[in-house]
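This report concerns only the one structure given below.
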Amino acid sequence: MAIVDVTVIPIGTETPSVSKYVASVQKVLQNYERDGKIRYQLTPMNTVIEGELPVLFEVIQAMHEVPFSEGIQRVSTTIRIDDRRDVKRTMEYKVERVQRLLEEE
């Protein structure tokens, strides 16, 4: 299982706000999560997705297409992949591990 950090940036929007595009992208993620294919977490700056790598690439492509389907002519998508194959780790585990280490200090 992999964890992917994704940021989809529509370029050339009418206003500086992109929240309506973020909401549209989140709807795509909700559908994949409802189907049991991924888990995801929206953050103030990006979205973190957890799942099998081939499915994540499919999800990322679907996310990337959203602004185009809403009339945007240019989209920049940034992807960062954490693919550890020796053990299975969740998004929550990674955060909890750091928090435990902070508490030990």
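Every number in this text was worked out from the coordinates using simple rules, so none of it is lab data. What you see is a predicted model, and the numbers here were worked out from it, not measured in a lab. Don't worry about glycine lacking a Cβ; one is built from the backbone with ideal geometry, like all the others, and counts go over all protein chains shown.
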**Complete:** In order over the range 33-44: 3J(HN,Hα) from phi, Karplus 6.51/-1.76/1.60, θ = phi - 60°, whole Hz, x for each Gly or Pro, gives 5, 4, 7, x, 8, 9, 10, 8, 9, 7, 10, x
**Asked** Which semi-axis lengths, in whole Å and largest first, follow from the square roots of five times the eigenvalues of the Cα gyration tensor of the chain?
**Response** 28, 16, 11
**Asked** Between GLN30 and GLU52, what length comes free when the chain is fully extended (0.36 nm per residue of separation minus the Cα-Cα distance, one decimal in nm)?
**Response** 6.3 nm
**Complete:** Projected onto the charge dipole of the chain (unit charges on the beta-carbon of Lys, Arg, Asp and Glu, signs +1, +1, -1, -1), the Cα from ILE79, THR7, VAL59 with the largest positive-side position is that of VAL59
**the chain - percent relative contact order, Cα under 8 Å, separation 6 or more** = 43 percent
